[in-house]
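Working notes for the structure below.
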Amino acid sequence: MIKEFEKHCQSTHLSTICAPLIELSNQAFAVNNGNIPKWECAIDSIDKTSLGQVSFKRPYVAIDTNIDATKLTHALKQLMPWRKGPYQIGQLNLDSEWRGDVKWDRLKDHIQPLKGKTVLDVGSGNGYFTYLMALEGASIALGIEPFLLFNYQFQAIRTLMSCPPNAYVLPLKLEQMPIDSHFDTVFSMGVLYHQKDHMLHLQQLMDITIDGGELILETLIIDQQYGEQIIPEDRYARMRNVWCLPSTNTLHHWLEQTGFKDIKLIDVTKTTPEEQRATHWIGDNTQSIKDFLDPNDSNLTIEGLPAPKRAIFICKK
Ligand SMILES: C[S@@+](CC[C@H](N)C(=O)[O-])C[C@H]1O[C@@H](n2cnc3c(N)ncnc32)[C@H](O)[C@@H]1O
């Protein structure tokens, strides 16, 4: 996949940063991770003789193929948990924990058209949205995702495509992106609340966006009634790594402080069990949103904090 990225990258606006991206990615894949042989074996076991065309058949990123669904299920289950998706591969519905199409529907009519654009998907997971960005006609949609399993999931799905779209996922963090990266549209969805330093994340998003380019920022927020921001002392909805939950006013202010313009709040939605659900594709730990909420009050998390609500802001550099 890195070879295909290298070839394509040279003909895009990212040509000047191909070499460092590839070097950093190779370093990330070379780490000593005992699961890598299992993940590689799972991808190797996929039958590559029945490849198909990819398209968006809501809710699925769908691949039109006659591949044997039983054998494919066995291979893809080696790559669990499948948090992001869903995907449909021939007869197989890979129903991930999250219905990504629900988030996509909230934002797709508000963003600048992606046709011909150089797009970055920060914290892309297995690339579900990165595929949608490429299917919208991006000249290149680059997902960056430091968690290696999600990179292997992306590759597994990609190997099933006869003619993969211009989508790639590399095992990188935003902070590793070369300073001369320049993207027309940058997505940071579900990433800000994982950052210890939220202002640094916003500054880095600003740095890699071209002048006049667009940022789509999606993150957990709280209602104003709970104050300007909540910093969870311990876990939030059972997640260990949630650092900050701002109100939408606070987040607007942070974006302004960073220097973004034309800041628009386009959506605020409470996360529901329709969007995040336990499926057999997330493995033994079958807990999902309903297990993270107070059983007596679905407006609170199990820790007594406001239940997950997410906002989408769109702004310009
Ligand atoms: C909650 S998931 C969101 C996935 C997807 N963007 C979505 O909206 O559904 C956040 C992802 O961001 C990744 N991530 C966290 N910090 C990151 C960073 N500094 N740079 C890039 N990705 C990061 C995590 O590994 C995780 O897969």
Can you give me the long-range amide H partners of Met189? Hydrogens built in the peptide plane at 1.01 Å from N, cutoff under 5 Å, separation of 5 or more residues or another chain.
Val122, Glu218
The whole-number value in µm²/s of the Stokes-Einstein translational diffusion coefficient for the range 53-139, with Rh from the Kirkwood sum over alpha carbon pairs at 20 °C and 1.002 mPa s, is 156 µm²/s
Solvent-accessible area per residue, Å², over the chain with all protein chains present [probe radius 1.4 Å]
44 Å²
In the chain, which cysteines lack any other cysteine Cβ under 4.7 Å from their own?
Cys41, Cys163, Cys244, Cys315
Once you wrap a convex hull around the alpha carbon atoms of the range 99-217, what is its projected area averaged over all directions, in nm²?
7.3 nm²
With only alpha-carbon atoms in the gyration tensor, what are the semi-axes of the equivalent ellipsoid for the range 227-317, in Å, largest first?
28, 16, 12
For the chain, alpha-carbon Rg relative to the globular expectation (2.2 N^0.38 Å, N residues)
0.98
When the helix-only estimate is applied to the chain (DSSP H runs of n ≥ 4, each -39,500 (n - 2.57), divided by the residue count), what is the mean residue ellipticity at 222 nm, nearest 500 deg cm²/dmol?
-8000 deg cm²/dmol
³J(HN,Hα), Karplus 6.51/-1.76/1.60, whole Hz, each residue of the range 202-212, x for Gly, Pro
5, 5, 5, 5, 4, 4, 8, 9, 6, 4, x
Using 23 Å as the Cα-Cα cut-off, could you pick out the over-long pairs in Lys3/Lys117; Lys38/Lys77; Lys38/Lys71; Lys71/Lys290; Lys57/Lys115?
Lys71/Lys290
Provide the FRET efficiency to the nearest 0.05 for the Lys173-His280 pair, computing r from the beta carbons and using R0 = 45 Å.
0.90
How would you order 204-210, 166-172 from highest to lowest mean count of nearby Cβ atoms within 10 Å?
166-172, 204-210
Cα centroid separation - the range 230-248 against the range 77-101, whole Å:
27 Å
Percent carbon-and-sulfur accessible area, the range 20-127, ignoring ligands, DNA and RNA, probe 1.4 Å:
48 percent
Accessible surface of the range 148-251, 1.4 Å probe, proportion on carbon and sulfur as whole %:
48 percent
Reduced to Cα centres, the span from the range 264-314 to the range 18-37 in Å works out to 33 Å
Quick one: if the Förster radius is 30 Å, what FRET efficiency do Ser288 and Asn66 give, using the C-beta to C-beta distance and rounding to 0.05?
0.40
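The values are calculated or read from the model by the stated rules, or taken from the named source; none is laboratory data. Here the structure is a predicted model, which means the values were calculated and not measured. Here Cβ is always computed from backbone atoms with ideal geometry, including for glycine, and neighbour counts include all displayed protein chains. In case anyone asks, the SASA skips ligands and DNA or RNA and just uses the protein heavy atoms, side chains included. Shrake-Rupley method; radii C 1.70, N 1.55, O 1.52, S 1.80 Å.
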